[in-house]
Ligand code: NAI
């Protein structure tokens, strides 16, 4: 028996990195996966899933726009008539510290990394609350939503917002049996990290401060997401789960 058999799952930022791994794993576990992304490569991920015995559909959307959320959720209602799992995964980096961060960059990173999570939960709950068995929302925060780094001010502000947005939504949506949890990845080897950290040599510093002494893999985040998406975690809500090799231990 597959762990997500019969479930409809929407994964944002599904074209690359962690979102791609989540989409492929969820599909292998029996979910129909709506792969969404602002770039067209999300269609390649959906095609890969469909070519390998799974079920997927690509929707192009910008997670920072409420009109895109409305049309995505309306599409899912029309074609699948339910939504069981939402993974708010899409995100962008932002490296500047408080002193150097420009106001416009603050707004952009907050819009894509934090406002998107609010918009996504608000749009998805309309459909999800109609499920007799409730649903699961998983928000991809970061270790930088739990501890400070002295840099990435907008990114940290956004990921910290996601941590507590998750907790308040978990209390609010409990009456619908919709569980809301956040995942806090450490440094995961994806295109985002290759560009941001490894190029500057910061990656090695982060590895040195990680008890398991290595970077994480997208699949290791995806497996934690799978547990929270599945009914195996039916009594878990409002949790902030680090997947970080012990970095925040
Ligand atoms: P990535 O850059 O490989 O993938 C992010 C995806 O989000 C891309 O496909 C991109 O096109 C999409 N995206 C960006 N802006 C969007 C928008 N406005 N609307 C819709 N889609 C958009 O990044 P990665 O590493 O896979 O990150 C995924 C999530 O995991 C992000 O939220 C990130 O902050 C978080 N994370 C990643 C860590 C890492 O070390 N890679 C560590 C902690 C958290």
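The values are calculated or read from the model by the stated rules, or taken from the named source; none is laboratory data. Predicted, not measured: the structure shown is a model, and the values here were computed from it. All Cβ positions, glycine included, derive from the backbone under ideal geometry; neighbour counts span all protein chains shown.
Data overview
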read-out	value
Helices (runs of 4 or more DSSP H) contained entirely in segment 155-237, each with at least 1 residues that are surrounded by fewer than 22 Cβ atoms within 10 Å (Cβ to Cβ), at pLDDT below 95 and within 16 Å of the ligand (Cβ to nearest atom)	191-196, 202-208
Test: residue 137 is closer than 21 Å to residue 26 by Cα and touching a strand residue (DSSP E or B) at 6+ places or on another chain (Cβ under 6 Å)	yes
